[in-house]
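Only one structure is covered here, and it is reproduced in the block below.
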Amino acid sequence: MNVQRRRLLQMSAIVGLMASAGLMTQAEAAAWNKAAFEAKSVDDVAKLLGGATPTKSDAITLRAPDIAENGAVVPVGVETNLKATELAILVEKNPNALAAMFVIPAGAEAFASTRVKMGQTSNVFALAKVDGKWLMASKEVKVTLGGCGG
Amino acid sequence: MADPMRIRATEKDGVVDVRVLMKHDMETGQRKDAAGASIPAWFISTLEAKVGDKIVYAAQLGPAVSKDPYLQFKLKGSAKKGDTIAVTWVDNKNETRTDKTEIK
């Protein structure tokens, strides 16, 4: 058997596995923004969530610790008094930058607080979509123990 | 069937504070087992909170959200004391779970 054929077989096995594990279901792709969650950089995520490069703003509050002892559980919150329709939390140096995004319908406050994993010390970004534009705040969080070792 | 969520919703000065603790492994897909094989990703991908049939809050999570995800959000206007809030999550294996609580 030649090498190329071998590779192809391996590839199709992996794809098949992903499909059976439910990683590539159609229903999910429609609701969950797969492309944005797979993007590597902060700018790419903002683009894929529908908007231009984010601009820094003092109106966005990012709550995160200076030092996280355990990278597996880092409390991060984002909040703004502006009329934001979407919020997002990103960790720059994670394998995929986007950690979570939130949709804020009328009647909800532009607020979200959750806990994320961080593989290493990194800048954390809070994004808020106001009038169709992304505004952001960032903070460096030092991680003493990574969240991906298990 | 997945384990139940813990939801606490309290109203104060017209703002409903909702805290949800979900029970889920949130496997990233980056980790390997003892034999060196990748552990497939398994995580909650979408979450929706409803009062009646109205969506009052929604979120999309990635595998970078911590194991047993915690989420806090605030409602102002779309819910009041005595309402029932229902939170539903769906994971990337299309498993789903809904839990409800009364806003106190």
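Here, each number is a calculation from the coordinates, and none is a lab measurement. Owing to the predicted nature of the structure, the values given are computational and were not obtained by experimental measurement. All Cβ positions, glycine included, derive from the backbone under ideal geometry; neighbour counts span all protein chains shown.
Would you mind checking which residues have amide H under 5 Å from residue B:65's amide H? H placed 1.01 Å from N; only 5 or more apart, or other chain.
A:117
Mind listing the long-range amide H neighbours of residue B:42? Cut-off is under 5 Å, sequence gap 5 or more, other chains count too, H placed in the peptide plane at 1.01 Å from N.
B:27, B:28, B:29
At residue B:21 and residue B:80, where each label point lies 7 Å from the Cα along Cα→Cβ, what is the point-to-point distance in nanometres?
A separation of 3.1 nm, rounded to one decimal place.
Suppose R0 equals 22 Å; then what is the FRET efficiency for residue B:38 and residue A:41 from their Cβ-Cβ distance, rounded to the nearest 0.05? Numbers along the way, then the final one.
Details: r = 24 Å, r/R0 = 1.08.
Calculated value: 0.40.
How big is the dipole moment of the protein assembly as shown about its Cα centre under a simple scheme where the beta carbon of each Lys and Arg is +1, that of each Asp and Glu is -1, and everything else is neutral? Debye, nearest 20, please.
So the magnitude is around 240 debye.
Where does the protein assembly as shown land on Rg/Rh, using Cα atoms and the Kirkwood Rh?
Radius of gyration relative to Kirkwood radius: 0.99.
Among the listed pairs B:23/B:104; A:117/B:76; A:83/B:23; A:47/B:12, which have their C-alpha atoms separated by more than 27 angstrom in this model?
Working: B:23/B:104 23 Å; A:117/B:76 29 Å; A:83/B:23 31 Å; A:47/B:12 37 Å.
Distance filter (> 27 Å) returns A:117/B:76; A:83/B:23; A:47/B:12.
Which of B:44, B:10, B:58 sits farthest toward the positive end of the charge dipole of the stretch B:6-102, with +1 on the Cβ of Lys and Arg and -1 on the Cβ of Asp and Glu?
Result: B:10, furthest along the dipole toward the positive end.
Would you mind pulling out the separation of the Cα centroids of the stretch A:100-150 and the stretch B:1-24, in Å?
20
How large is the dipole of the stretch A:33-143 about the Cα centre if only Lys and Arg carry +1 and Asp and Glu carry -1, each at its Cβ, rounded to the nearest 20 debye? Could you put the intermediate results ahead of the total?
Details: 13 positive and 12 negative charges, 31 e Å.
That gives a dipole near 140 debye.
Only Cα pairs under 8 Å and at least 6 apart count here; give the relative contact order of chain B as a rounded whole percent.
Once normalised by length, the contact order is 33 percent.
If you average the sequence gap of Cα pairs under 8 Å that are 6 or more apart and divide by the length of the stretch A:93-150, what percent do you get for the contact order?
33
Is there a pair in A:40/B:81; A:93/B:100; A:129/B:67; A:142/B:50 whose C-alpha atoms are over 32 Å apart, and which pairs would that be?
Pairs exceeding 32 Å: A:40/B:81; A:93/B:100; A:142/B:50.
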